[in-house]
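Asker: Okay, handing you the structure first.
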Amino acid sequence: MTLTTLYEQQFWPDLQRVCGIDEAGRGPLAGPVVAAAVVFPRHFRPHGFISTLNDSKTIPPGRRKELAQAIIQEAEDYAIAEVDHIEIDRINILQATMLAMNNAAGSLEHSPSLLLIDGNRFHPARPVAFRTIVKGDASVFSIAAASILAKTHRDAIMTEAALLYPEYGFEKHFGYPTREHIEAIRNHGRSPIHRMSFRLRQLGEK
């Protein structure tokens, strides 16, 4: 099922800039957490290729990249923010995720009127109206668009990291705790971009 902007339409009569926000990279053992913020023009109706937009997890990587370009072309405003593995270890992944989301929203050219956040919690860094929507990336168009931008951006980072640390297979699992990835850590230890605060029971870590 493809998405429409029906959810956003309830706010557009009164609000100028409705912004979808999502993140990618909470669960991996390595690399940054990335958040994206996307604002479409008021009363935007999906058309053409962008009308195939859906939850990024259901879309093949090649089509995600094409959709990312379509989103950038159609969006009124967008921003992407990263919080690296060092900061994740310093403040924990939840706080790092909140920081990435706030940084993405704060990097928009114009202040948003309303944030639509994927998930069930958000800690705003500045006064702004927001709504959290569980599984919003599968039900709200602007959140799904943010999910696509965050995911493609993070995948590109991890693909580049694979050139520096080829023994870990980052270009395949993008840092997530697959069996192959855990076995690589067992054999080679952690790389400089691994999150040291993420412990692996599979390796006897507590």
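The values are calculated or read from the model by the stated rules, or taken from the named source; none is laboratory data. Since the model is a prediction, treat every value here as computed from it, not as a measurement. Cβ: placed from backbone, ideal geometry, glycine included. Neighbour counts: every protein chain shown. Just the protein is used for accessible areas: all its heavy atoms, side chains included, with ligands, DNA and RNA removed. Shrake-Rupley method; radii C 1.70, N 1.55, O 1.52, S 1.80 Å.
Asker: Could you point to the residue in 99, 56, 170 farthest towards the positive end of region 21-170's charge dipole, with +1 and -1 charges on the Cβ of Lys/Arg and Asp/Glu respectively?
Answerer: Positive-most Cα among the choices belongs to 56.
Asker: For Cα pairs less than 8 Å apart in space and 6+ apart in sequence, what is the mean separation divided by the residue count of region 131-176, i.e. the relative contact order in percent?
Answerer: Working: 23 pairs, mean separation 10.6, N = 46.
In percent, rounded to a whole number, it is 23.
Asker: Rounded if a/c is under 1.5, else prolate if a/b beats b/c, else oblate: with a ≥ b ≥ c from the C-alpha gyration tensor eigenvalues square-rooted, which is region 117-206?
Answerer: Values: a/c = 2.56, a/b = 1.88, b/c = 1.36.
Prolate.
Asker: Can you give me the C-alpha center-to-center distance between region 45-85 and region 126-187, rounded to a whole angstrom?
Answerer: Each part reduced to its Cα centre gives a spacing of 14 Å.
Asker: Output the relative contact order of the chain, whole-number percent, from Cα pairs under 8 angstrom with separation of 6+ residues.
Answerer: Numbers: 393 pairs, mean separation 62.0, N = 206.
30 percent.
Asker: Work out the length of the dipole vector of region 82-206 about its Cα centre, built from +1 on the beta-carbon of each Lys and Arg and -1 on the beta-carbon of each Asp and Glu, and round it to the nearest 20 debye. List each step's numbers first, then the result.
Answerer: On the way: 15 positive and 14 negative charges, 112 e Å.
It works out to roughly 540 debye.
Asker: So how much accessible area does residue 23 have, in Å² to the nearest 10, using a 1.4 Å probe?
Answerer: 40
Asker: Going by a ≥ b ≥ c, the root eigenvalues of the Cα gyration tensor, does region 27-95 fall in the rounded group (a/c under 1.5), the prolate group (a/b larger than b/c) or the oblate group? Write out the running numbers ahead of the final one.
Answerer: On the way: a/c = 3.13, a/b = 1.88, b/c = 1.66.
Here region 27-95 falls in the prolate category.
Asker: Right, next: With axes computed from alpha carbons, what is the tilt in degrees of helix 179-188 against the longest principal axis of the chain, rounded to the nearest 10 within 0 to 90?
Answerer: 50
Asker: Among the aspartates and glutamates, which have Cα under 13 Å from the Cα of residue 172 when same-chain residues fewer than 8 positions away are ignored?
Answerer: Within the straight-line limit of under 13 Å, residue 172 reaches these aspartates and glutamates: 155, 160, 180.
Asker: Order 111, 191 by their accessible area, 1.4 angstrom probe, all chains in place, largest first.
Answerer: On the way: 111 90, 191 10 Å².
These residues rank, largest area first, as 111, 191.
Asker: Counting only heavy atoms of the protein chains, get the accessible area per residue of the chain (1.4 Å probe) and round it to a whole Å² value.
Answerer: Working: 10030 Å² over 206 residues.
That works out to 49 Å² for each residue.
Asker: For the chain, what does the helix formula give at 222 nm: sum of -39500 (n - 2.57) over DSSP H segments with n ≥ 4, over the residue count, nearest 500 deg cm²/dmol?
Answerer: Working: 7 runs with 77 residues, N = 206.
Taking each H run of at least 4 residues, the total per residue is -11500 deg cm²/dmol.
Asker: What spacing in nm lies between the two simple spin-label points modelled at residue 183 and residue 132, each 7 Å away from Cα in the Cβ direction?
Answerer: Rounded to a tenth, the inter-label distance reads 3.8 nm.
Asker: Can you give me the solvent accessible area of residue 165 with a 1.4 Å probe, rounded to the nearest 10 Å²?
Answerer: Number for this one is 50 Å².
Asker: Could I ask something else about it? Considering every Cα-Cα pair within the chain, what fraction, in whole percent, is farther apart than 27 Å? If you can, show how the numbers build up before the last one.
Answerer: Working: 6589 of 21115 pairs.
Distances greater than 27 Å cover 31 percent of the Cα pairs.
Asker: Computing the accessible area with a 1.4 Å probe over protein heavy atoms, can you report the carbon and sulfur percentage for the chain? Don't skip to the answer; put the middle values down first.
Answerer: Values: 5230 of 10030 Å².
The nonpolar share, carbon plus sulfur, comes to 52 percent.
Asker: Continuing with the same structure: Using θ = phi - 60° and the Karplus form 6.51 cos²θ - 1.76 cosθ + 1.60, what ³J(HN,Hα) does each residue of region 69-86 get, whole Hz, x for Gly and Pro?
Answerer: For region 69-86, the Karplus-derived couplings read 5, 5, 4, 4, 5, 8, 5, 6, 7, 7, 7, 10, 10, 10, 10, 7, 5, 5 Hz, x marking Gly and Pro.
Asker: Rolling a 1.4 angstrom probe over the protein chains, ignoring ligands and nucleic acids, what is the accessible area of residue 174 in square angstrom, nearest 10?
Answerer: Result for residue 174: roughly 40 Å² accessible.
Asker: ³J(HN,Hα) across region 92-99 via Karplus (A = 6.51, B = -1.76, C = 1.60, θ = phi - 60°), whole Hz, x for Gly/Pro?
Answerer: Once rounded to whole Hz, the list reads 5, 5, 5, 5, 5, 5, 4, 5.
Asker: Search the structure for amide H atoms under 5 Å from the amide H of residue 17, placed 1.01 Å from N in the peptide plane, and list their residues when 5 or more places away or on another chain.
Answerer: The answer is 113, 114.
Asker: Hey, can you grab everything whose amide H is under 5 Å from the amide H of residue 76? Only 5+ residues off in sequence or another chain; H modelled, so Pro and N-termini drop out.
Answerer: 39, 40
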